[in-house]
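Q: Okay, here's the structure, questions in a sec.
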């Protein structure tokens with residue numbers, strides 16, 4: 001679906017027909033703080049991805065070392081080191097992409113540019129929704145994951161719809 005159609009639907013259901021409107025003062029505060037929140041989330045997401053990568057590999061090494069030690073002294077393996085499979089790498093990629101999108105959106109949000117700020121956060125929200133649905137229908141997910149993805153996306157889209165009018169087209173710089 002074209003972005004304009006998505007924005008029109010968001011405006012219709014999350015602004016005009018919404019049971020609650022964020023007061024204008026609240027919208028302005030969100031718009032003012034959103035670039036910094038995006039920056040912090042971007043940095044924390046990339047740090048979380050790095051930590052997840054390191055932790056998963058260290059746990060695998062620890063399990064392998066423990067099992068090698070036990071076998072060397074006549075014991076049996078007590079645990080198996082799971083392979084870091086597709087779901088691990090998909091989760092890691094989504095964290096990295098969302099962190100990168102949050103960082104990429106910072107200058108656009110600060111300049112109140114719709115195309116390079118607000119729209120990037122919209123893309124990130126959609127990505128988060130599809131990842132949540134993907135996880136919910138795997139062996140690692142549950143109905144709670146699906147519900148959380150739906151609720152989180154709805155809240156994010158509601159806030160984005162409420163503040164959309166504060167973001168305009170890119171302003172040209174005059175020399």
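The values are calculated or read from the model by the stated rules, or taken from the named source; none is laboratory data. Since the structure is predicted, the reported quantities are computational estimates derived from the model, not experimental observations. All Cβ positions, glycine included, derive from the backbone under ideal geometry; neighbour counts span all protein chains shown.
Q: How many residues are in contact with a helix residue (DSSP H, G or I) (Cβ under 8 Å, 6 or more places away or on another chain) and either at pLDDT below 95 or crowded, with 19+ Cβ neighbours inside 10 Å (or both) if we restrict to the range 88-103?
A: Step one: list which residues in the range 88-103 are in contact with a helix residue (DSSP H, G or I) (Cβ under 8 Å, 6 or more places away or on another chain), which gives 88, 90-92, 94-103.
Filter once more, keeping what is either at pLDDT below 95 or crowded, with 19+ Cβ neighbours inside 10 Å (or both): 88, 90-92, 94-95, 98-99, 101-102.
Residues flagged as in contact with a helix residue (DSSP H, G or I) (Cβ under 8 Å, 6 or more places away or on another chain) and either at pLDDT below 95 or crowded, with 19+ Cβ neighbours inside 10 Å (or both) within the range 88-103 amount to 10.
Q: Look through 109, 84, 47 and report the one residue that is within 30 Å of residue 166 (Cβ to Cβ) and either in contact with a helix residue (DSSP H, G or I) (Cβ under 6 Å, 6 or more places away or on another chain) or in a loop (DSSP other than H, G, I, E, B) (or both).
A: 109
Q: Return the pair list, or none, for Cβ contacts closer than 6 Å from residues in the range 118-133 that are buried (at least 20 other Cβ atoms within 10 Å of the Cβ) to residues that are outside any helix (DSSP H, G or I), at least 6 apart or on different chains.
A: Taking only residues 6 or more apart or on different chains, the pairs are 118/167.
Q: Can I ask one more? Any chance you could count how many residues in the range 60-78 are under 29 Å from residue 94 (Cα atoms) and exposed (fewer than 14 other Cβ atoms within 10 Å of the Cβ)?
A: 2
Q: Return a yes/no flag: does the range 42-58 have any residue that is touching a residue at least 40 places away in the same chain (Cβ under 8 Å), under 19 Å from residue 158 (Cα atoms) and within 20 Å of the chain's Cα centre (by Cα).
A: Taking every residue of the range 42-58 in turn, none turns out to be touching a residue at least 40 places away in the same chain (Cβ under 8 Å), under 19 Å from residue 158 (Cα atoms) and within 20 Å of the chain's Cα centre (by Cα).
Q: Quick check: anything in the range 147-159 under 18 Å from residue 39 (Cβ atoms) and in contact (Cβ under 8 Å) with a residue 24 or more places away in the chain? Full working, then the answer.
A: Taking the range 147-159 and keeping what is under 18 Å from residue 39 (Cβ atoms), we get 156, 159.
Still in the list and also in contact (Cβ under 8 Å) with a residue 24 or more places away in the chain: 156, 159.
The answer is yes; a qualifying residue exists.
Q: Before we move on, is residue 169 at pLDDT 85 or above, closer than 30 Å to residue 23 by Cα, surrounded by fewer than 16 Cβ atoms within 10 Å (Cβ to Cβ) and more than 19 Å from the chain's Cα centre (by Cα)?
A: Details: at pLDDT 85 or above: no; closer than 30 Å to residue 23 by Cα: yes; surrounded by fewer than 16 Cβ atoms within 10 Å (Cβ to Cβ): yes; more than 19 Å from the chain's Cα centre (by Cα): yes.
Judged against the criteria, residue 169 is not a match.
Q: A follow-up question, please. Among the residues of the range 112-136, what is the count of those that are outside any helix (DSSP H, G or I) and within 9 Å of the chain's Cα centre (by Cα)?
A: Here the count works out to 0.
Q: Do we find that residue 90 is closer than 21 Å to residue 119 by Cβ, part of a helix (DSSP H, G or I) and under 23 Å from the mean Cα position of the chain (by Cα) in this structure?
A: In short, no.
Q: A follow-up question, please. Among the residues of the range 10-28, count how many are surrounded by fewer than 13 Cβ atoms within 10 Å (Cβ to Cβ) and in a helix (DSSP H, G or I).
A: 4
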